[in-house]
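Structure, as structure tokens:
The values are calculated or read from the model by the stated rules, or taken from the named source; none is laboratory data. What you see is a predicted model, and the numbers here were worked out from it, not measured in a lab. Please note: Cβ atoms are built from the backbone with ideal geometry, for glycine as well, and neighbour counts cover all protein chains shown. Quick note on the areas: whole protein, heavy atoms, side chains included, nothing else; ligands and nucleic acids left out. Shrake-Rupley method; radii C 1.70, N 1.55, O 1.52, S 1.80 Å.
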Amino acid sequence: MDITQFNKLRARSFNEQKALLKKLAKGQTVLCQTCGQAIFLNVAVKEGEKATAQCAKGCTHIELDVA
Ligand SMILES: [Zn+2]
């Protein structure tokens with residue numbers, strides 16, 4: 001894979017993650033594209049921990065930079 005294509009893919013997945021988080025923030029249900037289960041938002045409990053969005057099986061696991 002050449003680097004330009006790689007960067008495009010990264011940018012696309014970043015935008016997809018942003019869109020996903022927007023939906024979760026609104027309380028909408030988002031399903032994992034891999035297992036079809038709902039994705040939950042886990043808020044960080046400790047300082048220095050990152051909030052994550054993940055499905056029950058863990059195939060979708062996104063770390064959030066903004067808690
Ligand atoms: Zn999943």
- Going by the structure shown, is Leu24 part of a helix (DSSP H, G or I) and either β-branched (Val, Ile, Thr) or modelled with pLDDT under 85 (or both)? no
- Message: Residue under question is Val30, and the condition is that it be among the aliphatic types (A, V, I, L, M) and either at positive phi or within 16 Å of the ligand (Cβ to nearest atom) (or both); does it hold?
- Response: yes
- Subset of the stretch 29-56, residues assigned to a loop (DSSP other than H, G, I, E, B), at pLDDT below 95 and among the small types (Gly, Ala, Ser), comes to Ala44, Gly48, Ala51, Ala56
- Taking only pairs six or more apart or across chains, which ones have beta-carbon atoms under 6 Å, a first residue in the stretch 18-37 that is under 18 Å from Asp65 (Cβ atoms), and a second residue that is open to solvent by 50 Å² or more (accessible area, probe 1.4 Å)? Leu24/Leu41
- Return a yes/no flag: does the stretch 42-51 have any residue that is among the basic types (Lys, Arg), surrounded by 10 or more Cβ atoms within 10 Å (Cβ to Cβ), without any contact (Cβ under 8 Å) to a residue 60 or more places away in the chain and within 14 Å of the ligand (Cβ to nearest atom). no
- Test Cys59 against the stated conditions and say whether it is in a loop (DSSP other than H, G, I, E, B), open to solvent by 50 Å² or more (accessible area, probe 1.4 Å) and not β-branched (Val, Ile, Thr). yes
